[in-house]
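K.L.:
This structure is in structure tokens; I'll ask about it shortly.
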Amino acid sequence: MNRVFSGVQPTGNIHLGNYLGALKQFVELQEDHDCIYCIVDLHAITVAQDPKELRESILDVAALYLAVGVDPKKSIVFVQSSVSGHSELGWLLTCSSYTGELSRMTQFKDKGKGKESVPTGLFMYPVLMAADILLYDTNVVPVGIDQKQHIELTRDLCNRINNKYGDTFVLPEGRYLKEGAKIMALDDPTKKMSKSAENPLSRISLLDDESKIKKAIMKATTDSEGVIKFDMEKKPGISNLMNIYVSFSDLSIEDIEKKYEGKGYGDFKKDLVTIVVDGLAPIKKRFEEIRHSDELIEILRDGANRANEIAVPVLERFKNNLGVGI
Ligand code: AQP
């Protein structure tokens, strides 16, 4: 079975972009892959965090993994900082990476823009992400398209190390969905939906209530043409909403275009509200059941032990090839 690894940061509320770009794939893949899903708390501290809020967010994301359908009997679910191999491999990979390639990472450039001083952790983040992936001999990494550049860096590091030190790591590949790969902000469809955007109506979080979902969708930016037709270039607003619609229903883009022929954006948006509210209802219910349970902590502890068992020999293999240790 192919090994799958991915993670989500415990920062802010998980939104539709995270769900449709990444989490939905997590659930699909666990049926016929050997999956490892992580809450990447070490990535969260690359920017300032309130310690109490961070701890709560870690458990929120863990509970959301289970609520969307990640099954701990099929997949390993754990918190990144519980497996020390991530930090250790992060350093070992740092020594094979170059400041030039890290400076070219667009996420680092975006997040550091206009700041006088940028945390070193933010600069090193892609190397830690490479460590997360390579630590488990991962074949497939389900992520949103915004992570493509980081996946390419991971592949470069993997090839560089294998060429220099002999076969050490498995070469991973990114996996991106067609419709969910990049969900755009509802208030500005030229930007990706993001946890850190100032306007809360720019995103829908998985735990939002009906009135917030309604407000965000009904206010979503479209165009003045009033025709429901998919064209990401010329009609990014309505096309983004159509992508969300497809992800929550059995209809294709073509089906939606036919269904709403001659109808306006108002009708379409009203239906989308219902589809999204109904789609998120079972997730919210399961989240409430599991979030404060002992079961959640047990799943994470067990997951960390299982992940560690896979990580230790991979790390040893690299250390041995590098010539460090005795
Ligand atoms: N808008 C998006 N569309 C599709 N996929 C997305 N992902 C993020 N935004 C979108 C994917 O979600 C997974 C987890 O992301 P993350 O928690 O590591 O953080 P992120 O990518 O930094 O998420 P945000 O919302 O964009 O946070 P901020 O605002 O802090 O930068 C990844 O697979 C990602 O591709």
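K.L.:
For the chain, which DSSP H helices look membrane-span-like by this rule: Cα extent along the axis of 15 Å or more and mean Kyte-Doolittle of at least 1.0?
P.N.:
What comes out of the filter, once short or polar helices are dropped, is 120-134.
K.L.:
Another question, if that's okay. Note down the net charge around Pro172, summing +1 for each Lys or Arg and -1 for each Asp or Glu among other residues with Cβ under 10 Å from its Cβ.
P.N.:
Residues near Pro172 contribute +1 overall.
K.L.:
Protein chains only, probe 1.4 Å: how do Arg55, Arg155 rank by accessible area, largest first?
P.N.:
So the residues, ranked largest to smallest area, are Arg55, Arg155.
K.L.:
Accessible area per residue for the chain in Å², computed with a 1.4 Å probe and the full protein assembly in place, what is it?
P.N.:
The answer is 48 Å² per residue.
K.L.:
If you wrap a convex hull around the C-alpha atoms of segment 136-256 and split its volume per residue, what is the figure in Å³?
P.N.:
145 Å³
K.L.:
Please list, in chain and number order, the residues 5+ apart from Met184 or on another chain whose amide H is under 5 Å from its amide H, with Hs placed from the backbone.
P.N.:
Close amide H contacts, sequence-distant or interchain: Met193.
K.L.:
Restricting attention to segment 35-116, which GluC sites (Glu not before Pro) occupy a DSSP loop and are surrounded by at most 16 other Cβ atoms within 10 Å?
P.N.:
Glu116
K.L.:
Follow-up. Suppose accessible area is computed on protein heavy atoms with a 1.4 Å probe; arrange His86, His292 from highest to lowest.
P.N.:
The residues order as His292, His86, largest area first.
K.L.:
If I compute solvent accessible area with a 1.4 Å probe over the protein chains, what percent of it on segment 163-291 is carbon and sulfur?
P.N.:
Looking at segment 163-291 in its full context, I get 48 percent from C and S.
K.L.:
How much net charge surrounds Lys74 when only other residues with a Cβ under 15 Å from its Cβ are counted (Lys, Arg +1; Asp, Glu -1)?
P.N.:
Net charge in that neighbourhood comes out at -3.
K.L.:
Only bridges with both residues in the chain count here: give the DSSP antiparallel percent, nearest 5.
P.N.:
Taking every DSSP beta bridge within the chain, about 15 percent pair in antiparallel fashion.
K.L.:
Rounded to the nearest 0.05, what FRET efficiency is calculated for Asp231 and Lys259 with R0 set to 30 Å and r the Cβ-Cβ distance?
P.N.:
Efficiency at R0 = 30 Å is approximately 0.95.
K.L.:
A further question follows. Tell me, what is the FRET efficiency for Arg317 and Lys195 to the nearest 0.05, using R0 = 35 angstrom and their Cβ-Cβ distance as r?
P.N.:
0.50
K.L.:
Here's something else I'd like to know. Please give me the summed charge of the neighbours of Val83: other residues whose Cβ is under 12 Å from its Cβ, Lys and Arg +1, Asp and Glu -1.
P.N.:
Taking every other residue near Val83 into account, the sum is -2.
K.L.:
Once both labels are modelled 7 Å past Cα along the beta-carbon direction, what's the Lys73-Lys148 spacing in nm?
P.N.:
For Lys73 paired with Lys148, the spin-label model returns 3.8 nm.
K.L.:
Related question: Could you tell me the extents of the chain's C-alpha atoms along the three principal axes, largest first, rounded to whole Å?
P.N.:
72, 45, 39
K.L.:
Hey, what's the Kirkwood Rh for segment 1-59 if you take every pair of different alpha carbons, in angstrom?
P.N.:
The answer is 12.5 Å.
K.L.:
Another question, then. Add -39500 (n - 2.57) for each DSSP H run of 4 or more in the chain, then divide by its residues: what number comes out at 222 nm, to the nearest 500 deg cm²/dmol?
P.N.:
Taken over the chain, the calculation gives -16000 deg cm²/dmol.
K.L.:
In the full protein assembly as shown, how much of Arg160 is accessible to a 1.4 Å probe, in Å² to the nearest 10?
P.N.:
Roughly 70 Å² of Arg160 is accessible to a 1.4 Å probe.
K.L.:
State, to one decimal in nm, how far the label point of Cys95 lies from the label point of Glu53, with both points 7 Å from Cα in the Cβ direction.
P.N.:
That separation, rounded to one decimal, is 3.7 nm.
K.L.:
Another question about this same structure. What percentage of all Cα-Cα pairs in segment 200-287 are separated by more than 16 Å?
P.N.:
I get 51 percent for the Cα pairs in segment 200-287 exceeding 16 Å.
K.L.:
Sticking with this one: Going down the table (Lys109/Lys229; Lys195/Lys229; Lys74/Lys212), which pairs top 31 Å between alpha carbons?
P.N.:
In this structure, Lys109/Lys229; Lys74/Lys212 lie more than 31 Å apart at Cα.
K.L.:
Then there is this: Which value, in Å² rounded to 10, gives the accessible area of Ser84 with a 1.4 Å probe and all protein chains present?
P.N.:
80 Å²
K.L.:
May I ask you to rank Val227, Val140 by accessible area, largest first, using a 1.4 Å probe over the protein chains only?
P.N.:
The ordering from most to least exposed comes out as Val227, Val140.
K.L.:
So if I take the centroid of the Cα atoms in segment 187-210 and the same for segment 273-326, what is the distance between those two points in Å?
P.N.:
Centre-to-centre (Cα) distance: 25 Å.
K.L.:
What is the percent carbon and sulfur in the accessible area of segment 1-69, measuring with a 1.4 Å probe over the protein chains and ignoring ligands?
P.N.:
Solvent-exposed carbon and sulfur of segment 1-69 make up 48 percent of the total.
K.L.:
May I ask you to derive the relative contact order of the chain, considering only C-alpha pairs under 8 Å and at least 6 residues apart, and to give it as an integer percent?
P.N.:
Relative contact order, the chain: 23 percent.
The values are calculated or read from the model by the stated rules, or taken from the named source; none is laboratory data. Since the structure is predicted, the reported quantities are computational estimates derived from the model, not experimental observations. Every residue, glycine among them, receives a Cβ derived from its backbone with ideal geometry; neighbour counts consider all protein chains shown. Keep in mind that these areas ignore ligands, DNA and RNA; they rest on the heavy atoms of the full protein, side chains included. Shrake-Rupley method; radii C 1.70, N 1.55, O 1.52, S 1.80 Å.
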